[in-house]
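Read-outs: derived from the displayed coordinates by stated rules, not from any lab. This structure is a prediction, so every number in the text was calculated from the model and none was measured.
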């Protein structure tokens, strides 16, 4: 682990109740408002969203209940994988709930981000529900953990 990534103190994956649910918990060395805001502005989200090595662009971000977002992920092969969804719940600075769907590729799923202040640091729990198979869950586990590594570096540098 690099020095830049040491702000990510813990990471766990849980799928005990349902193989279609991924739960990741991380603690970031940054205040809760900074971590929340990193999800709520296009420029900030675009700075860290997506797995390492994947070029991502956020052409649409409407961070309000009923608002939409879109992330275009360009794979190393050049293939573009757009993901989009709708915000279902936003409670500043503790909770963000949004749908997640690969356009033209499978069902819409649900992502819940819960944030908690722990002595000036932020505990983030990401719950991604509705993943159809353990393989799909495990692929999202790798992708989200990689993106959260980038988020940790991003919020620590601000």
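Give me Rg over Rh for region 52-145, both radii from the alpha carbons and Rh done the Kirkwood way, two decimal places.
Checking Rg against Rh, the ratio lands at 0.98.
So what is the relative contact order for the chain, in percent, with contacts set as C-alpha pairs under 8 Å and at least six apart?
It comes to 29 percent, rounded to a whole number.
Sum -39500 (n - 2.57) across every DSSP H segment of at least 4 residues in the chain, then divide by the residue count to get the 222 nm mean residue ellipticity, nearest 500.
Here the helix-only value at 222 nm equals -8000 deg cm²/dmol.
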